[in-house]
């Protein structure tokens, strides 16, 4: 068949020739364009995304870096970073590989999120861009400390750190070395562009992109496209193409360095997950915000300690440990203290029921309350206060570490007891970025006041400690430059305080120092021995009874002419005080610097007093103690008064409250022992003088017997002007002799 005179065969030949001609023309015109495109230099994109906690995470990135090094067409690289960091050695591996790439080709980082290890990687770049609200920085280290080894007889290790790999005591120093490596990389990478100090960098702050630009952590605000254009300028490129660099292939065609990866989404990453992937010990350059259900990052600082369930075993114990208030303490933490106590034939017992605690206090020398999670009732606090008033010792221990806290209770329970004695444990923890023991939360104490607990101490180290508000009763001060994590400012912080209330209350803001191996650091063991010595020095006498078998003190019946002499110590200066009953309504008190005469009514209430040119008279008589004094009895009093000084009269107000806290036998300096009621008094005196508001607050205890009245007194007076503390006076009195009279003097 033919088509217009052309055979079918000829037509096919013509079509083939046309196709060949078209292909030839296409090759001549299109192929050079493709060749030019292929030969254009490349700006490579390497993505650093997500947490880098396994070898496969780092493998994808380091393999892409290798591809960029080996590919001669890649003239510059942009790191697209959106990562909170990860496992320390994997981050360092990526960082060092980028430095090798940087020797060959310019590198620019574009940070969406560059936190902790993500920022560690970013500082290897020549130039860093970020968005205005990108999160940048968080320089620092998280570490999961090695656990305690409980050995096996069947599985044998060759050394004490063979299983754990690290010393628990030295692990904070290991973290500090890791931190210094990180900080060194930042200083090296940023150089003169960094506008904040290395100390500021170490704090682990997170900066928004615009803040990071001002601080010099990044160079410029800009997008990925801006980073690409800057990389081209650094490589002197006017024409280029952009390609994402993929991991290299091995001989089998598989991606290199791609191990098995545990399927963990970043939003599911928790401390527990990290511990599962990398059992402690482990070190991370990682930003890991707290999530619901996560107690605290401080869980990473210690292995799980065995908490022993101790049933009540306090019969005959000299030292009682209260476990009845959900206390986060056990024989594990108190092992060294218990061992030293036992060397002195003193027994330590644990009580899981308050009734057992209560009954044991009758014969105990000391009560230990540590890390409670339940509040103490008023009745329980009254019993503890009575125990201290009988000359015993109360040891209060708290610790801001998560191991010793309940998330719901924090410090409320310990303060339900401490507040009764004028103490209050602060929230948060202390830290010092310059002066510390291997780790910013390990505070070194060198400044001690003279007391039995601080005797012989030069350096004590506390491991994550809170401080104690004590109004002058602190006996150990943290060094200057120490911060409170809640106040976020430096101050004078006292982690150890002592209160004397006939007995002794000692409060400590740390528990870890009691435990091995921390107890062997510096003078920590000496402090433990001082605690034990204080306990062993307590003399517990059988309960004594007052008249008719009851526990009470009746009104002292002292005849006119009675004279008592006291040794009085005021702020360390000693003198003699003489008390004379001039008549039934007049008492005279003589001191070296003044004489004071008190005028009473027929019921013993104070009407007025005179003292060397001053006179005070009360609108309402100030009553004496409500005899007979029985345990737990409370009373209040108060009156307006006129104070006359050199002819000028001022108006004031006096108010006070008293309570009988307990009974004990007190030995006077005349060699006699007296059964006394301990009366706790607090008095407030306010007066306007020359348009200035003055306030005097006195607080202390009096030990009063039926035979001689006051046997012993201890109290502190504070002076305020317009609410500002301007002076403080501590006064102590002890009876040295008494001569009962028969006639008026």
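The values are calculated or read from the model by the stated rules, or taken from the named source; none is laboratory data. All values reported here derive from a predicted model rather than from experimental measurement. When we count neighbours, we look across all protein chains shown, and the Cβ atoms used for this are built from the backbone with ideal geometry, even at glycine.
Could you please give the count of residues in region 708-745 that are closer than 12 Å to residue 564 by Cα, at pLDDT below 90 and in contact with a strand residue (DSSP E or B) (Cβ under 7 Å, 6 or more places away or on another chain)?
Selection size over region 708-745: 1.
Sort out which residues of region 462-473 are farther than 19 Å from residue 492 by Cβ and in contact with a strand residue (DSSP E or B) (Cβ under 6 Å, 6 or more places away or on another chain), and write them in order of number.
Answer for region 462-473, where residues must be farther than 19 Å from residue 492 by Cβ and in contact with a strand residue (DSSP E or B) (Cβ under 6 Å, 6 or more places away or on another chain): just 463.
Condition check: assigned by TED's automatic domain parsing to the domain that holds residue 615 and surrounded by fewer than 20 Cβ atoms within 10 Å (Cβ to Cβ). Does residue 669 satisfy that?
Criteria met by residue 669.
What are the residues in region 400-425 that are under 12 Å from the mean Cα position of the chain (by Cα) and either at positive phi or modelled with pLDDT of 90 or more (or both), if any?
410, 425
Counting residues that are in the same structural domain as residue 469 (by TED's automatic domain parsing) and within 21 Å of residue 496 (Cβ to Cβ), which helices (runs of 4 or more DSSP H) fully inside region 326-410 reach at least 2?
So the answer is 335-342, 378-389.
Restricting to region 637-652, name every residue that is free of Cβ contacts under 8 Å to residues at least 24 places away in the same chain and either in contact with a helix residue (DSSP H, G or I) (Cβ under 9 Å, 6 or more places away or on another chain) or not in a loop (DSSP other than H, G, I, E, B) (or both).
Those that are free of Cβ contacts under 8 Å to residues at least 24 places away in the same chain and either in contact with a helix residue (DSSP H, G or I) (Cβ under 9 Å, 6 or more places away or on another chain) or not in a loop (DSSP other than H, G, I, E, B) (or both): 637, 638, 639, 640, 648, 649.
I'm trying to understand the selection: among the residues of region 301-330, which are over 16 Å from residue 399 (Cα atoms), in contact with a helix residue (DSSP H, G or I) (Cβ under 7 Å, 6 or more places away or on another chain) and at pLDDT below 85?
312, 314, 317
Out of (1) free of Cβ contacts under 8 Å to residues at least 60 places away in the same chain; (2) surrounded by 14 or more Cβ atoms within 10 Å (Cβ to Cβ); (3) under 22 Å from residue 703 (Cβ atoms), the odd one out for residue 557 is which?
Of (1) free of Cβ contacts under 8 Å to residues at least 60 places away in the same chain; (2) surrounded by 14 or more Cβ atoms within 10 Å (Cβ to Cβ); (3) under 22 Å from residue 703 (Cβ atoms), only one is false for residue 557: (2).
Could you tell me whether any residue of region 9-18 is modelled with pLDDT under 65, more than 42 Å from the chain's Cα centre (by Cα) and outside any helix (DSSP H, G or I)?
no
Give the residues of region 100-127 that are part of a strand (DSSP E or B) and closer than 23 Å to residue 87 by Cβ, sorted by residue number.
107, 109, 111, 112, 113, 114, 115 - these are the residues of region 100-127 that are part of a strand (DSSP E or B) and closer than 23 Å to residue 87 by Cβ.
Can you name every residue in region 596-612 that is loosely packed, with under 14 Cβ neighbours inside 10 Å and in contact with a strand residue (DSSP E or B) (Cβ under 7 Å, 6 or more places away or on another chain)?
601, 612
Would region 678-693 turn up any residue that is in contact with a strand residue (DSSP E or B) (Cβ under 9 Å, 6 or more places away or on another chain), closer than 23 Å to residue 390 by Cα and surrounded by fewer than 19 Cβ atoms within 10 Å (Cβ to Cβ)?
Yes, the conditions are met somewhere in region 678-693.
Which residues, counting only those in region 244-262, are at pLDDT 90 or above and surrounded by fewer than 15 Cβ atoms within 10 Å (Cβ to Cβ)?
244 - this is the single residue of region 244-262 that is at pLDDT 90 or above and surrounded by fewer than 15 Cβ atoms within 10 Å (Cβ to Cβ).
Can you name the number of the only condition in (1) under 42 Å from the mean Cα position of the chain (by Cα); (2) within 27 Å of residue 568 (Cα to Cα) that residue 671 fails?
(1)
Among the residues of region 47-55, are any touching a residue at least 12 places away in the same chain (Cβ under 8 Å), under 21 Å from residue 229 (Cα atoms) and surrounded by fewer than 21 Cβ atoms within 10 Å (Cβ to Cβ)?
Scanning region 47-55 turns up at least one residue that is touching a residue at least 12 places away in the same chain (Cβ under 8 Å), under 21 Å from residue 229 (Cα atoms) and surrounded by fewer than 21 Cβ atoms within 10 Å (Cβ to Cβ).
Quick test for you: out of 655, 698, pick the one residue that is in a strand (DSSP E or B) and closer than 21 Å to residue 567 by Cβ.
698
For region 159-185, what are the residues that are more than 17 Å from residue 441 (Cβ to Cβ) and under 23 Å from the mean Cα position of the chain (by Cα)?
167
Kindly check whether there is at least one residue in region 186-199 that is within 21 Å of the chain's Cα centre (by Cα) and either surrounded by fewer than 17 Cβ atoms within 10 Å (Cβ to Cβ) or part of a helix (DSSP H, G or I) (or both).
Scanning region 186-199 turns up at least one residue that is within 21 Å of the chain's Cα centre (by Cα) and either surrounded by fewer than 17 Cβ atoms within 10 Å (Cβ to Cβ) or part of a helix (DSSP H, G or I) (or both).
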